[in-house]
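One structure is given below, encoded as structure tokens.
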Amino acid sequence: ARAVFRDMEGRPEREIQQLLEVRLRRQEALRRREGMKPLRLVAVTHETTLRQIVGSATIMREQLEQLVERSAVSNIDLHVMPFTAKLTFSMTCMWAYFQYDDSGESDIVHVENHAGFFSQEDAGQVRKYRAAHDALVRASLSKERSLELISSIRNEMLFHTFSLSERPRTSPRCTLNQ
């Protein structure tokens, strides 16, 4: 995340530190929360994000290993939308849909893009994000197949220690039967 914030988005170090702290708090809430169950996470990422080397091949292998380890727990469902997936609605930014079961709270969407963060609380707009999220999950691989693909890509990177200037022009592909 630091490499993306610094190198691609050109954010100042103070802002990068704040963003990283928010991410760490989110990760902690997935492991434990005082007096409550850990949060449940259903996430979708595109295969491109797993193959694009950001920083170095070593950093990417470590990131992929973290994805596999952290996604193996029961409250996290990580889905990969493979290159072979049928076209579906998608966004040009990252968003998180927070569903508050039985708490009396209204669902909310937090949107993150290059310009910053904002929250969407309008019920109609929140429903649209939920429908988009559900469509992305349906178009993606199952949790098990996703973890298999991530592991496969991580293993491929063991053999690719290219620097950014030495990387091949095309990324290796993993064919999956769906």
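Restricting to region 73-87, and then to whatever is out of contact with any Ser or Thr (no Cβ under 9 Å at 6 or more places or on another chain) and part of a loop (DSSP other than H, G, I, E, B), can you tell me which residue is modelled with the lowest pLDDT? Checking each candidate, the answer is 87. For residue 159, the stated conditions do not hold, so it cannot be described as more than 21 Å from residue 4 (Cα to Cα), in contact with a helix residue (DSSP H, G or I) (Cβ under 7 Å, 6 or more places away or on another chain), open to solvent by 70 Å² or more (accessible area, probe 1.4 Å) and of a type outside the set (Lys, Arg).
If I ask for residues that are closer than 17 Å to residue 84 by Cβ and free of Cβ contacts under 8 Å to residues at least 40 places away in the same chain, which ones from region 146-155 would you list? Give the derivation first.
In the first step, residues of region 146-155 are kept if they are closer than 17 Å to residue 84 by Cβ; the result is 146, 148-150, 152-153.
Within region 146-155, 148, 152 qualify.
No other residue among 61, 70, 14, 25 is assigned to a helix (DSSP H, G or I), open to solvent by 70 Å² or more (accessible area, probe 1.4 Å) and touching a residue at least 24 places away in the same chain (Cβ under 8 Å) apart from 70.
Give me the residue from region 38-50 that is in a helix (DSSP H, G or I) and out of contact with any Cys (no Cβ under 9 Å at 6 or more places or on another chain) and, out of that set, surrounded by the most Cβ atoms within 10 Å (Cβ to Cβ). Steps first, answer last, please.
Narrowing region 38-50 to residues in a helix (DSSP H, G or I): 47-50.
From the residues that got through so far, the ones that are out of contact with any Cys (no Cβ under 9 Å at 6 or more places or on another chain) too are 48-50.
Details: 48: 12, 49: 12, 50: 22.
In this case the residue turns out to be 50.
Residues in region 136-152 that are out of contact with any strand residue (DSSP E or B) (no Cβ under 6 Å at 6 or more places or on another chain) and under 16 Å from residue 99 (Cβ atoms): 0 in all.
On the basis of being out of contact with any Lys or Arg (no Cβ under 8 Å at 6 or more places or on another chain) and under 19 Å from residue 50 (Cα atoms), does residue 149 make the cut? Break it down stepwise before answering.
Working: out of contact with any Lys or Arg (no Cβ under 8 Å at 6 or more places or on another chain): yes; under 19 Å from residue 50 (Cα atoms): yes.
So residue 149 passes the test.
The values are calculated or read from the model by the stated rules, or taken from the named source; none is laboratory data. None of the values given here were measured: they were computed from a predicted structure. Every residue, glycine as well, gets a Cβ built from its backbone with ideal geometry; the counts of neighbours run over all protein chains shown. Heads up: the accessible areas ignore ligands, DNA and RNA and are worked out on the full protein's heavy atoms, side chains in. Shrake-Rupley method; radii C 1.70, N 1.55, O 1.52, S 1.80 Å.
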